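Comments concern the structure below.
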Amino acid sequence: MLDANGDTKKYARDTGTKKCECPFLLKGVNIGDGDDWKLEVICEVHNHAISEYLQGNSFVGRLFEEENALSVDMSKSLVKPIYILVTLKDRDAINVSNMKTIYNARIRNRTKEFAGRTQMQQLLTKLSEHNYIEWHRTSSDIVTNLF
């Protein structure tokens with residue numbers, strides 16, 4: 001972030017846990033110049049019981065590789081996200097993914113597919129990729145006609 005002078009402002013990173021008042025703490029120390037880290041458990045006591053209902057848990061609700069591939073294939077086939085979620089839950093009874101997980105997977109795939117291109121660049125790429133005959137005219141970086 002920049003402050004009023006244009007200097008970079010340092011801010012403290014949020015390192016709290018997702019559960020409220022959970023005293024479990026880890027301390028990470030970088031060892032040497034490399035990527036080696038030492039983790040030390042400072043307080044290993046939990047003040048909450050293990051949850052039986054894991055709906056909404058970000059770690060448990062993640063999509064596995066084959067589930068992600070299935071959601072990408074279904075999205076390319078223009079299947080609505082709710083039906084993608086229903087299909088995933090039908091295939092795996094213990095799947096606790098939610099709609100946000102499906103939306104995030106779709107956005108991740110679309111971002112990967114665009115590869116830094118704008119929507120217009122993506123359109124022109126797909127048109128030439130699928131052998132469409134296209135002709136366009138631009139005037140000052142604005143496409144005025146596309147045939």
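Here Asp90 and Ile42 are evaluated by their C-beta separation; at R0 = 41 Å the FRET efficiency comes out at 0.40.
Modelled label positions at His130 and Asn104, each set 7 Å beyond Cα in the direction of Cβ, lie 3.0 nm from each other.
Rule-based calculations on the coordinates, nothing more; no lab input. In this text, all values refer to a predicted model and were calculated from it rather than measured experimentally. FYI the Cβ positions are ideal-geometry reconstructions off the backbone, even for glycines, and counts take in every protein chain you see.
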